[in-house]
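Notes follow the structure.
The values are calculated or read from the model by the stated rules, or taken from the named source; none is laboratory data. Only a predicted model underlies this, so the values are computations on that prediction, with no experimental measurement involved. As a convention, Cβ positions derive from the backbone with ideal geometry for all residues, glycine included, and neighbour counts pool all protein chains shown. Ligands, DNA and RNA are stripped out before the accessible areas are found, and what is left, the full protein with its side chains, is counted by its heavy atoms. Shrake-Rupley method; radii C 1.70, N 1.55, O 1.52, S 1.80 Å.
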Amino acid sequence: MKLIRVLAFPLTPLYYIVTSLRNRLYDWGIKKSVDFNFPVICVGNLSVGGTGKTPMIEYLIRLLKDDFEIATLSRGYKRKSKGFLMAHGQVKVEDLGDEPYQFYTKFKETITVAVDSDRVNGIKKLKALRPQVHTVLLDDAFQHRRVRAGLNILLTSFDNLYVNDYVLPAGNLREGAKGAGRADIIVITKCPQHLSHEKKESVLKAIDPKGNQQVFFSFIKYANEVHSSKKALTLDDLKNLTLVTGIANASPLVEFLRGRGLEFEHLSFKDHYEFSLKDVKRFESLTTILTTEKDFMRLRKYDALKDKLYFIPIELGIDQHTDFDRAVRRFVSSS
């Protein structure tokens, strides 16, 4: 892959020019953005993945769902359906995509979940079908500038800050680092849980936020239990473990499990990997499978794996979370 990136480097300036021109057209008002008269929060990143958008969306759901009617709107990456779709009782992971299906599975009693690659159309249909929806959370929509969100939350990983990366195809950025200037809040994700003040200052110096931008540091909180479709086990109960992941960056999970003294084989697949019947047949010979919640959503349908397949729940922790919560609530309440 590194060789491919090196060979593709000459194309990087062209990609940068095209994406920069597109942003300029929106900045100048030549390409039009659509405003909405209710709170719209965009969660996204500059890179192609692995910054923790799903835990952030779930954090916002937990923060707001008891006081406001919440809806999530995602593109529904790799889903089999087309156009606008609102989650319902018979919906499958193939219909929604793994992240929105996860939102629906966990929060279906309290929120509305929908998918549409056209976010403007999706928001309009959401409000038409669910007029009571007060706030829409846009998942992975930082580059979808046809919607002018009222609050833009930009995520960047601690171990791969956008200022240290290149645009595609040489690097992982969907647009140049200057795009971060559109963010109202920047969250440094996947930090060590006890990050020193000196390290934080170093990161702040590197990203050089604007005066109006708030910056927060977040970390992943792993549960001490794992869950199957039928039961829960403690981490210490796991025997003959195989870790199976299909996410962009499994390193934090691998480090956590090894830090707990667990020994395991790691079968790593690319992000949003569609597990085949051949893969499942291979997994049938394994004793205990641990995976991420997102991967669990795709694998849980296979009966042959139900007695051996577990996922480890995670939540997002945010340093100075009171300030973060207050900023989000202030926007939602005042919009």
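What stretch of the chain, leaving out the sites themselves, is the longest with no GluC sites (Glu not before Pro) in a DSSP loop having at most 12 other Cβ atoms within 10 Å?
With GluC sites (Glu not before Pro) excluded where exposed in loops, the chain gives 110-262 as its longest stretch.
Once you've got the GNM for the chain with C-alpha springs shorter than 10 Å, pick whichever of Leu243, Leu21, Leu235 has the biggest mean-square fluctuation.
Maximum among the listed residues: Leu21.
So, for region 214-335, what is the accessible surface per residue at a probe of 1.4 Å, expressed in square angstrom?
Dividing the accessible area of region 214-335 by its residue count gives 51 Å².
On the accessible surface of region 192-335, probed at 1.4 Å, how many percent belong to carbon and sulfur atoms?
46 percent
Expressed as a whole number of Å, what is the distance separating the alpha-carbon centroids of region 15-36 and region 156-186?
So the separation of the two Cα centres works out to 17 Å.
Where does the chain land at 222 nm, in deg cm²/dmol rounded to the nearest 500, when only DSSP H runs of n ≥ 4 count, each adding -39500 (n - 2.57), divided by all residues?
Value at 222 nm, helices only, nearest 500: -9500 deg cm²/dmol.
If amide H atoms are built 1.01 Å from N in the plane of the peptide, which residues on other chains or at least 5 residues away come under 5 Å of the amide H of Leu173?
Tyr166, Val167, Leu168
Which residues' amide hydrogens lie under 5 Å from the amide hydrogen of Val113, considering only partners 5 or more residues apart or on another chain, with H built in the peptide plane?
Thr72, Ala87
Under the definition of Cα pairs under 8 Å and six or more residues apart, what whole-number percent is the relative contact order of the chain?
20 percent
Ratio of alpha-carbon Rg to the 2.2 N^0.38 Å globular estimate for region 160-222, to two decimals, please.
Compactness ratio reported: 1.18.
If you work out mean projected area of the Cα convex hull in nm² from the coordinates, which of (i) 18.2; (ii) 16.8; (iii) 29.2 do you get?
(i)
So what J values fall out for region 272-287 if you push phi through Karplus, 6.51 cos²θ - 1.76 cosθ + 1.60 with θ = phi - 60°, rounded to Hz, Gly and Pro as x?
So the J values, rounded to whole Hz, are 6, 5, 8, 5, 9, 4, 5, 4, 4, 4, 5, 5, 4, 7, 7, 7.
May I ask for the equivalent-ellipsoid semi-axes of region 125-263, computed as the square root of five times each C-alpha gyration tensor eigenvalue and listed largest first in whole Å?
The three semi-axes for region 125-263 are 32, 24, 15 Å.
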